[in-house]
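Below is one structure, written out as structure tokens; comments come after it.
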Amino acid sequence: MQGKQAWLTVVGIGDDGYAGLGRDARRALFDAAIVTGGERHLAMLPSRVRARREAWPQPFSVEALLAYREANASVCVLASGDPMLFGVGATLARRVAPGEMRVLPAPSSLSLAAARMGWALQDTAMVSLVGRPLDALRRHLYARSRVLA
């Protein structure tokens, strides 16, 4: 898809909502025909964002979103924090070529937690327990370990 503009933009959004988004993220929302995300994230958008809003299906799936690729629709996905850190951006990157998607991250919950505790991220284990057994955490637990889960 070289030379063609990405049809999909993944925007990381924090608890500060729309007010915390940068210019590129806001432009992506205004340019989109469709905005997909969780109900909580969609509710953060002001009414002047005119795109059709679609909440993620339950159970979660990206199949309907990927169908918009063929329709040549401009789609924006809202995701918590950094979409590439245990998020939907990483899921989409396994299915969409890099030239088809751009990602505009916000600070992740893990970055915010590390900052609050004064921990360097490179010295901290980061573990996702979403859809994983609690035992996935066990190998990171030892004396003086720093773990964000």
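None of the figures in this text is laboratory data; all of them are computed from the coordinates on show. Quantities reported herein were computed from a predicted structural model and do not represent experimental measurements. Cβ coordinates were reconstructed from backbone atoms using ideal geometry, including for glycine residues, and neighbour counts include every protein chain displayed.
Counting only residues that are charged (D, E, K, R) and either surrounded by 19 or more Cβ atoms within 10 Å (Cβ to Cβ) or assigned to a helix (DSSP H, G or I) (or both), the stretch 90-115 holds 1 of them. If the Cβ limit is 6 Å and pairs must be 6+ apart or interchain, which residue in the stretch 114-137 that is of a type in the set (Ser, Thr, Tyr) pairs with which residue that is in a loop (DSSP other than H, G, I, E, B)? So the pair list comes out as 124/146; 128/86.
Conditions tested, residue by residue: (1) in contact with a helix residue (DSSP H, G or I) (Cβ under 9 Å, 6 or more places away or on another chain); (2) more than 30 Å from residue 33 (Cα to Cα).
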{"residue": "61", "(1), (2)": "no, no"}
{"residue": "76", "(1), (2)": "yes, no"}
{"residue": "81", "(1), (2)": "yes, no"}
{"residue": "95", "(1), (2)": "yes, no"}
{"residue": "122", "(1), (2)": "no, yes"}
{"residue": "147", "(1), (2)": "yes, yes"}
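Across the stretch 1-25, the number of residues qualifying as loosely packed, with under 15 Cβ neighbours inside 10 Å and within 27 Å of residue 111 (Cβ to Cβ) comes to 7. Scanning the stretch 39-89 for residues that are part of a loop (DSSP other than H, G, I, E, B), within 20 Å of residue 104 (Cα to Cα) and among the hydroxyl-bearing types (Ser, Thr, Tyr) turns up just one, 74. Kindly indicate whether any position in the stretch 69-81 is closer than 22 Å to residue 49 by Cβ, more than 18 Å from the chain's Cα centre (by Cα) and basic (Lys, Arg). Among the residues of the stretch 69-81, at least one is closer than 22 Å to residue 49 by Cβ, more than 18 Å from the chain's Cα centre (by Cα) and basic (Lys, Arg), which makes the answer yes.
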